[in-house]
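Report on the following structure.
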Amino acid sequence: MRLLAPLGKIYGRVTDVRNRLYDRGTFRSIYLGARTISVGNLTTGGTGKTPLVALTAEMLADHGEIVCILTRGYGRKNPGHRVLVSDSRIVFVDAATGGDEPVELARRLIGKAIVVADADRAAAGVWAKEQFGVTVFILDDGFQHRRVKRDLDIVCIDATSPCGNGRILPAGPLRESFKSLDRADAIVITRSDLVEDLTSIEQRLRKRNESAPIFCAEAKFIGFGRLESFFESNSATQNEPPSKPFVFTAIGNPDNFLITLEKAGFSSVGQKRFRDHFVYDAAAVAQIDQAARTAGAASLITTAKDAVKLANAKFEIPCYVAIAETTVYNHFEFKRLITSS
């Protein structure tokens, strides 16, 4: 990492210059014609951002808004093409076409939100406003996407690793300097239940941003669904944990998924990890089956983000999808913030 530190400094200077040009108005942000809320982060990897996007969309939809999530759709085929992932009623594409996280969001938010995947989120927003009469946009992973003007900037900070090693890409996980936190209108400390001391984290955040409200959030498992029924609109969940489970994931932060499972009382007999956004094929399924058999597993557990890429998978033992939801501690204050911004 020390060898990469100079590159990180160069990258950091470039992002600082870019931010200053936006701050001064040299670079212009585009107004989408409707209130826009960005949910993003300062670091790469899983910070619990996607569940917070879903929660924000649900709150806005319940408030009577026509919600559209604008996302890049990382890892999808033909990333330069615009894809209507969902019109809020129907999910039109698979994960390969729309991206795993956009399809995960679309499935979770049936009846709640339109989802559009497009690298050019400004153009996608203008299009979606004309097509659907959107009243609120949510920019998924939008903190660095300053080309779109936003009314509220929410930044997620992972309690278990607030800024990694403190270095900027490629020397560390930071996408831009930690001082950029001063742009945030609100901060959500995710996975707050996985650390003992939140005070020191809050104090550190306050040094960078004196005024933004700070919320704490955690993820909780509410049940498990069979993979075979996951793609059905009326799929059911069970509260009893699968027997002797083997866990496999392709997510940004698998450690925290395992810790959350263990905290909820679900211990695994083994695990297999793939890189974030990994595309499962027959060979990967065979590897999982083999590893599970070797570990003496009686079942498999994976995440919803993984499940959307497993529609055609045939496992030798039952596979379950862990269904989780995010809870913000100051629920009503958070809802008031996003519905009145």
Checklist outcome for this item: Karplus-derived 3J(HN,Hα) from phi for segment 264-276 (6.51 cos²θ - 1.76 cosθ + 1.60, θ = phi - 60°), whole Hz, x at Gly and Pro, runs 7, x, 10, 9, 9, 8, x, 8, 9, 10, 10, 5, 4
Next on the checklist: Counting only protein heavy atoms and a 1.4 Å probe, tell me what percentage of segment 247-341's accessible area is made up of carbon and sulfur.
Outcome noted: 51 percent
Checklist entry - Magnitude of the Cβ-charge dipole of segment 153-215, K/R +1 and D/E -1, about the Cα centre, nearest 20 debye? => result 300 debye
Item to check | Of all DSSP beta bridges in segment 215-341, antiparallel share, percent nearest 5 | outcome: 50 percent
Checklist entry - Check residue 215: other-chain or 5+ apart residues with amide H under 5 Å from its amide H, H built from backbone geometry? => result 187, 188, 189
Checklist outcome for this item: Along segment 305-318, Karplus-curve 3J(HN,Hα) (6.51, -1.76, 1.60; θ = phi - 60°) to the nearest Hz, with x for Gly and Pro, reads 4, 6, 4, 5, 9, 10, 4, 9, 6, 10, 8, 7, 10, x
Next on the checklist: Please compute the per residue accessible area over segment 161-308 with all protein chains in place, 1.4 Å probe, rounded to a whole number of Å².
Outcome noted: 47 Å²
Next on the checklist: Using amide H atoms built in the peptide plane, which far-off residues or other-chain residues are under 5 Å from residue 85 H to H?
Outcome noted: 115, 116, 117
Item to check | Rounded to 5, percent antiparallel among DSSP beta bridges of the chain | outcome: 25 percent
Checklist outcome for this item: Taking only Cα atoms of segment 127-231, the Rg to Rh ratio with Kirkwood Rh works out at 1.05
Item to check | Rounded percent of accessible protein surface that carbon and sulfur make up, segment 131-185, 1.4 Å probe | outcome: 44 percent
Checklist entry - Given a 1.4 Å probe, how much area per residue of segment 1-102 is accessible, in Å²? => result 50 Å²
Checklist outcome for this item: What helix-only [θ] at 222 nm does the chain give? Using -39500 (n - 2.57) per DSSP H run of at least 4, over all residues, to the nearest 500, the answer is -9500 deg cm²/dmol
Checklist entry - Along the Cα-to-Cβ line of residue 63, 7 Å from the Cα, sits a label point; which residues in segment 114-145 have backbone N less than 19 Å from it? => result 114-115, 129, 133-143
Checklist entry - Can you list residues whose amide H is under 5 Å from residue 148's amide H, if they're 5+ apart or on another chain and H is modeled 1.01 Å from N? => result 30
Checklist entry - Which of 54, 332, 277 sits farthest toward the positive end of the charge dipole of the chain, with +1 on the Cβ of Lys and Arg and -1 on the Cβ of Asp and Glu? => result 277
Checklist outcome for this item: In segment 220-341, lysine pairs 8 or more places apart or on different chains with C-alpha atoms under 20 Å apart total 11
Checklist entry - Between Rg and the Kirkwood Rh of the chain, both from Cα atoms, what is the Rg to Rh ratio? => result 0.96
Checklist outcome for this item: Simple SL model, points at 7 angstrom along Cα→Cβ for residue 329 and residue 203; separation in nm is 1.6 nm
Item to check | Computed label-point distance, nm, for sites residue 77 and residue 27 using a 7 Å Cα→Cβ extension | outcome: 3.2 nm
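The values are calculated or read from the model by the stated rules, or taken from the named source; none is laboratory data. Computed from a prediction, not measured in an experiment: that's the story for all the values here. Don't worry about glycine lacking a Cβ; one is built from the backbone with ideal geometry, like all the others, and counts go over all protein chains shown. Calculation scope for accessible area: heavy atoms of the full protein, side chains included, ligands and nucleic acids excluded. Shrake-Rupley method; radii C 1.70, N 1.55, O 1.52, S 1.80 Å.
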